[in-house]
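Following: one structure in structure tokens, then a few remarks.
The values are calculated or read from the model by the stated rules, or taken from the named source; none is laboratory data. Note that the coordinates shown come from a computational prediction; the quantities given were computed from them, not determined experimentally. Heads up, the Cβs are rebuilt from the backbone with ideal geometry, glycines too, and the neighbour counts pull from every protein chain shown. Ligands, DNA and RNA are excluded from the accessible area calculation, which covers all protein heavy atoms including side chains. Shrake-Rupley method; radii C 1.70, N 1.55, O 1.52, S 1.80 Å.
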Amino acid sequence: MAIDHDRLFKELIQTFFEEFLLLFFPDIHEHIDFRHLSFLSEELFTDVTAGEKYRVDLLVETKLKGEDGLIIVHVENQSYVQPSFPERMFIYFSRLFEKYRTRIVPIAVFSHDTLREEPSVFSIAFPFGDVLQFRFFPVELRKKHWRDYIRHDNPIAAALLGKMGYTESEKIELKKEFLRMLVRLELDEARQRLLLGFFETYVKLSEEEEQQLQREVRAMETKEKEQVLELIISYEQKGRKQGLEEGIKRGIEQGIKQGMKQGMKQGMKQGMKQLIRNMARKGMKVEDIARLVDLPEQDVWELLEEQGN
């Protein structure tokens, strides 16, 4: 099943919007009045030239400290390489401005795994002068090293460790540090599950690596040791329970479908018997009945005999 990256990032950033700005854009965070936050409905734009439809990921209506007027923060997740992305950000900006007629803060989160220089400017210029210089605020996750963020007690930092720069040999340590961060954050179960689900979507350990992780956690000499172990065991048990429940559900659904299929087949056969019997009672010949119901004559004879005719 394909991963819906945009939905995952939208849910994460919407849940921890203030923490997102604090981590990556402290200057913006300093000016936002977080007492006035409203998440706007999704905007769907059609690109007539390309024949495609795009849905804006996250729109937040808020205020700046000391000001009465509303502003909009637009956060867009980009999970794949698209050379024309700056142009698309400008189109979003212009259409949003046309609709809301207010100041807009455009932010792009580049979450793909390709290391490249992502432009954050869209410009229109001529030999005789510049017409437009549109800029947005970028976050290039792959260029950030995960070790630089493990001391941040920030849920966004924890979740996004798995989208930052790391090597395959660091995966076990990466998850161990993520779990330590999760313990220190002391979140409620719903938010904890959101972060864990997001992280494990992008960082998958083999069974052998999971066992190695548990061995390393048991060898830890930090105060989080017992809580991290409890967290691992708790989610393992929940995973097994969920797997069992899904297996039972699938079994029941399969049984119902099979029963319906058999019932329909039996019902059709019974209806055919009744039809053939009625035709025979009206004096029709077996060969005529067989031709009308599209069955071999031998099958018609057998059905008539079952009816006692």
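Taking K and R as +1 and D and E as -1, what net charge do the other residues with C-beta under 14 Å from the C-beta of Thr62 add up to?
Working: positive: Arg35, Lys63, Lys65, Arg103; negative: Glu18, Glu30, Asp33, Glu61, Glu67, Asp68.
Net local charge, Thr62 excluded: -2.
Of Lys10, Lys175, Lys282, which has the most accessible area and how do the rest follow, probe 1.4 Å? Intermediate values should be presented prior to the final figure.
On the way: Lys10 55, Lys175 10, Lys282 170 Å².
Highest to lowest solvent-accessible surface, that is Lys282, Lys10, Lys175.
Residue by residue through the range 279-290, which ³J(HN,Hα) values in whole Hz follow from phi under the Karplus form 6.51 cos²θ - 1.76 cosθ + 1.60 (θ = phi - 60°), with glycine and proline marked x?
Calculated HN-Hα couplings, in order: 5, 5, 5, 7, x, 6, 6, 4, 5, 6, 4, 4 Hz.
Subtracting the Cα-Cα distance from 0.36 nm times the residue separation, let me have the gained length for Glu168 to Phe39 in nm, one decimal.
Working: separation 129, 0.36 × 129 = 46.44 nm, distance 3.71 nm.
Between Glu168 and Phe39, full extension yields 42.7 nm more.
List the GluC sites (Glu not before Pro) within the range 113-203 that fall in a DSSP loop (any state other than H, G, I, E or B) and whose Cβ has at most 12 other Cβ atoms within 10 Å.
On the way: sites: Glu117, Glu140, Glu168, Glu170, Glu173, Glu177, Glu186, Glu189, Glu200; in loops: Glu117, Glu186.
When the GluC sites (Glu not before Pro) of the range 113-203 are filtered for loop state and at most 12 Cβ neighbours within 10 Å, Glu117, Glu186 remain.
Accessible surface of Lys273 in the full protein assembly, 1.4 angstrom probe, to the nearest 10 Å²?
Number for this one is 30 Å².
Compare the peptides 93-104, 121-132 by average per-residue count of other Cβ atoms within 10 angstrom and give them in order, highest first.
Details: 93-104: 13.3, 121-132: 9.7.
Per-residue Cβ counts within 10 Å, averaged per peptide and sorted highest first, yield 93-104, 121-132.
Let me check I have the definition right: for the range 30-176, take the eigenvalues of the Cα gyration tensor, multiply each by 5, take square roots. What are those semi-axes in whole Å, largest first? It would help to have the intermediate numbers written out before the result.
On the way: eigenvalues 173, 98, 44 Å².
Three semi-axes, in Å: 29, 22, 15.
First select every other residue whose beta carbon is under 14 angstrom from the beta carbon of Leu195; then total the charges, Lys and Arg +1, Asp and Glu -1. Mind showing how you got there, number by number?
Numbers: positive: Lys163, Lys175, Arg180, Arg184, Arg191, Arg193; negative: Glu11, Glu19, Asp153, Glu177, Glu186, Asp188, Glu189, Glu200.
Spelling it out: positives minus negatives among the neighbours equals -2.
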